[in-house]
Amino acid sequence: MSGKFLCVLDGEKFDVPPVWMMRQAGRYLPEYRETRAKAGGFVDLCLDPDLASEVTLQPIRRFGFDAAIIFSDILIVPYALGAKLWFEESEGPRLEPVANAANFGKLSDQLDGKITSRVYEALAKTKAALPKETGLIGFCGAPWTVATYLVAGRGTEDQAPARLLAMQEPELFRKIIDRLVDSSAEHLIGQLKAGADAVQIFDTWSGVLDPASFERWCVKPVAKIAEKVRSVVPNARIIVFPKGASLDGIEAVAKQSSANAISIDWITDRKECAVRFGDKLAIQGNLDPLALLAGGKALDQAVDKVLADFKGARHIFNLGHGIRKETPVEHVERMIARVRKN
Ligand code: CP3
């Protein structure tokens, strides 16, 4: 029998929803910080199958979440296409920028199997070690979001470099997106074959685009990935996370990709979402990560509100974005106890 997480993706509802958290393996956990120090760099940790599997399992052991998400990063795809990737400590990821035709020409059109096979090995190891009822999630970044890092070579405040390139050199930008569509689909297929029960497509920066650009650079590429994945794995369960998108935008992504679930940020109106999608799709979300950081009464009230607003919907309890690294572990325990009514 599948656990609750997969049951909700497959159409069931529960009074007590399944629960997991974006970035549940990460720096708020002392055991993560210890393993991270042992691994050396962040990329080394992502690409060591034993350690990546270990940190994936850490939050499952500690909290008993209903799903595990494989420890990796959305930037592993451009890295496996040949873009240099490194992490500046206490700053964030850096990539060799791809913002002109000459740099694009240096990117491979094939993922380097020596890199991606490490992710698949980590998934297989994790699958073997997980309790039967715990779902295992693979993921990739959506092409638009990955392109914002690839074009700028780093995270940027308003994603201006990618937006500008899309305006100035739409043909080059289309090629970058197409390359990411093909490679991301291949990476999701690899993860599903290695044992992922579902995959999530993270479009963290979809909220900065005007409606026509959103359709072109977010909706269509994600739909294309879903189509390619399902042409090889017909029953693939796909969760889409178009962060910052309007309800109409979320609906367009979900419909055109035939998603099994949408993940929503904390700004999205829950009740409207439940009315629009409640029976058609699973809805994952959407506690404000700051409510989790705040703790105490504010946390209790915020958790209760999320649960009440999604009552009767196919709900997977999650945050509206990743957990913040300053969050006390006891707040996570409190949140889970409240969701599970312990
Ligand atoms: O959710 C999980 O627990 C699985 C692992 C995971 C990570 N990154 C690990 C990570 C997932 C699903 C991601 C996705 C990811 N990576 C996104 C999309 C989701 C989101 O959060 O918006 C993006 C935009 C990235 C790119 C990225 N990776 C950034 C911008 C950063 C730096 C920001 C930060 O939090 O430091 C990372 C680093 C990163 N990825 C960390 C982790 C645990 C922290 C690195 C560390 O240990 O030093």
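Any idea which of Ile262, Leu292, Leu6 is furthest toward the positive side of the dipole for the chain, if Lys and Arg beta-carbons carry +1 and Asp and Glu beta-carbons -1?
Leu6
Taking the highest mean first, how do the peptides 310-316, 64-70 order by number of other beta carbon atoms within 10 angstrom per residue? Kindly include the intermediate steps, with their values, before the conclusion.
On the way: 310-316: 20.6, 64-70: 23.3.
The most tightly packed comes first, giving 64-70, 310-316.
Phe104 versus Ile267, label points 7 Å from Cα toward the beta carbon: distance in nm?
My value for the distance between the label points is 2.9 nm.
Using 0.36 nm times the number of residues separating Lys297 and Asn235, minus their current alpha carbon distance, what extension gain do you get?
18.2 nm
For the charge dipole of the chain, defined by +1 on Lys and Arg C-beta atoms and -1 on Asp and Glu C-beta atoms about the Cα centroid, which residue among Gly153, Phe310, Phe202 has the Cα displaced farthest towards the positive pole?
After comparing all options, I get Phe310.
Starting from one equal scatterer on each C-alpha and no solvent at all, send me the Debye-based log10 I(q)/I(0) for the stretch 183-342 at q = 0.19 Å⁻¹, two decimals.
Reported log10 I(q)/I(0), two decimals: -1.17.
Going highest first, how would you order 112-123, 81-92, 241-252 by mean Cβ packing within 10 Å?
On the way: 112-123: 18.8, 81-92: 13.5, 241-252: 21.2.
Packing order, densest peptide first, comes out as 241-252, 112-123, 81-92.
Taking the radius of gyration and the Kirkwood hydrodynamic radius from Cα positions alone, what is the Rg/Rh ratio for the stretch 256-335, to two decimal places?
Value, to two decimals: 1.00.
Is there a quick way to get the dipole size of the stretch 83-133? I mean about its Cα centre, with the Cβ of Lys and Arg at +1 and of Asp and Glu at -1; what is the value in debye to the nearest 20?
Taking the Cα centre of the stretch 83-133 as origin, the dipole is about 280 debye.
Counting only residues 5 or more places away or on other chains, whose amide H sits under 5 Å from the amide H of Gln200 once H atoms are built in the peptide plane?
Excluding prolines and chain starts, which carry no amide H, the hits are Gly138, Phe139, Cys140, Ile239.
Expressed as a rounded percentage, what relative contact order does the chain have, with Cα pairs under 8 Å and six or more residues apart? Each step should come with its number before you reach the end.
Details: 635 pairs, mean separation 68.2, N = 342.
About 20 percent, as a whole number.
Counting Lys and Arg as +1 and Asp and Glu as -1, each charge on the Cβ, what is the dipole of the stretch 4-340 about the Cα centre in debye, to the nearest 20?
480
Rounded to the nearest 500 deg cm²/dmol, what is the calculated helix-only ellipticity per residue at 222 nm for the chain, with -39500 (n - 2.57) per DSSP H run of length n ≥ 4?
-15000 deg cm²/dmol
Using alpha-carbon pairs under 8 Å, 6+ residues apart, how would you state the relative contact order of the stretch 194-306 in percent?
23
Would you mind estimating how fast the stretch 4-340 diffuses translationally, via Stokes-Einstein at 4 °C and 1.567 mPa s with the Kirkwood radius over Cα pairs, in µm²/s?
Answer from the Stokes-Einstein relation: 65 µm²/s.
If the only charges are +1 at each Lys and Arg Cβ and -1 at each Asp and Glu Cβ, what is the size of the charge dipole of the stretch 275-331 around the Cα centre, to the nearest 20 debye?
It works out to roughly 220 debye.
Coordinate-derived values only; no laboratory data. This is a predicted model, so every value here is computed, not measured. Because the Cβ atoms are built from the backbone with ideal geometry, glycine has one as well, and the counts that use them run over all protein chains shown.
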